[in-house]
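**Q** There's a structure below that I have some questions on.
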Amino acid sequence: MENPQSIVDLLNRDHEKAERLLDELDSRGAGDLADYYCNLREELVRHEVAEELIVYPAFREHVEGGEAIAEACLQEQAKAEQALSTLEKQDTTTLSFRTQLGELRDSVLAHARHEEAEVFPELESRLNRDELNELGARYEKALRAAPTHPHPHAPDTPPGNAILGPIAALMDRVRDAMHAA
């Protein structure tokens, strides 16, 4: 069995991975943006959905006043998901696409800093190591099962996200397979 990892360690790992990927934007040529965007979209959507399923319910449960912070973070994520959905329909070779992708980068990085400053320390102070590791295991499972495309009109809180998320993920995987063929 693998060594369990804390939810906070896993979230920080994902934030670092996203930051490295977002840092690549300026070095990408117009012809390279389509593949770059697909990779970025999948990483961000999977992370956001896994947070919605695992992190924010735990935050609400264990942190006094956590509802307001969780809601603010979910609103930030909803804006990013809408931006991803809009970008998904655009021509990746246009200046507008690159500009909007740059704006998304800035908002995603600000969101990550918000979580790192307010959410992660609270989780670490309220939960013991076993609880953090259990959330980490559940988070990793959620990442594997999460959709790969944005679904901005889908619910982002339980129980709706837990019910519709796997259906959306299955549809996304079929869609991805058809485009790859």
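**Q** Name the single residue that is farthest from the chain's Cα centre (by Cα) among those in the stretch 53-66 being modelled with pLDDT of 90 or more, surrounded by 13 or more Cβ atoms within 10 Å (Cβ to Cβ) and not β-branched (Val, Ile, Thr).
**A** Among those that are modelled with pLDDT of 90 or more, surrounded by 13 or more Cβ atoms within 10 Å (Cβ to Cβ) and not β-branched (Val, Ile, Thr), it is His62.
**Q** Same structure, new question: Residue by residue through the stretch 99-117, note down the ones that are free of Cβ contacts under 8 Å to residues at least 24 places away in the same chain and either over 13 Å from Lys79 (Cβ atoms) or of a type in the set (Lys, Arg) (or both).
**A** Here is the first cut: in the stretch 99-117, the residues free of Cβ contacts under 8 Å to residues at least 24 places away in the same chain are 99-100, 103, 106, 113, 117.
Within the stretch 99-117, Thr99, Arg113, Ala117 qualify.
**Q** Sort out which residues of the stretch 65-97 are touching a helix residue (DSSP H, G or I) at 6+ places or on another chain (Cβ under 9 Å), under 20 Å from His114 (Cα atoms) and not hydrophobic (A, V, I, L, M, F, W, C), and write them in order of number.
**A** Matches in the stretch 65-97: Gly66, Glu67, Glu71, Glu76, Gln77, Lys79, Glu81.
**Q** Identify, from the list Leu10, Leu74, Leu21, the residue that is within 14 Å of Arg105 (Cα to Cα), out of contact with any strand residue (DSSP E or B) (no Cβ under 7 Å at 6 or more places or on another chain) and modelled with pLDDT of 90 or more.
**A** On inspection, the qualifying residue turns out to be Leu21.
**Q** Let me ask another. Could you list, in sequence order, all residues of the stretch 89-113 that are over 16 Å from the mean Cα position of the chain (by Cα) and assigned to a helix (DSSP H, G or I)? Working first, answer last.
**A** In the first step, residues of the stretch 89-113 are kept if they are over 16 Å from the mean Cα position of the chain (by Cα); the result is 89-100, 102-103.
Within the stretch 89-113, Leu95, Ser96, Phe97, Arg98, Thr99, Gln100, Gly102, Glu103 qualify.
**Q** Any residue in the stretch 42-51 that is surrounded by fewer than 16 Cβ atoms within 10 Å (Cβ to Cβ) and either assigned to a helix (DSSP H, G or I) or at pLDDT 90 or above (or both)?
**A** Step one: filter the stretch 42-51 for residues surrounded by fewer than 16 Cβ atoms within 10 Å (Cβ to Cβ), giving none.
Checked against the condition, which is being surrounded by fewer than 16 Cβ atoms within 10 Å (Cβ to Cβ) and either assigned to a helix (DSSP H, G or I) or at pLDDT 90 or above (or both), the stretch 42-51 yields no hits at all.
**Q** Just the residues that are in a helix (DSSP H, G or I), under 24 Å from Gln100 (Cα atoms) and free of Cβ contacts under 8 Å to residues at least 24 places away in the same chain, please, taken from the stretch 1-25.
**A** Initially, the stretch 1-25 is screened for residues in a helix (DSSP H, G or I), giving 7-23, 25.
Pick out the ones that are also under 24 Å from Gln100 (Cα atoms) and you get 14-23, 25.
Within the stretch 1-25, Glu16, Arg20, Leu21, Asp23 meet the criteria.
The values are calculated or read from the model by the stated rules, or taken from the named source; none is laboratory data. Predicted, not measured: the structure shown is a model, and the values here were computed from it. Using ideal geometry, Cβ is built from the backbone for each residue, glycine included, and neighbour counts are taken over all protein chains shown.
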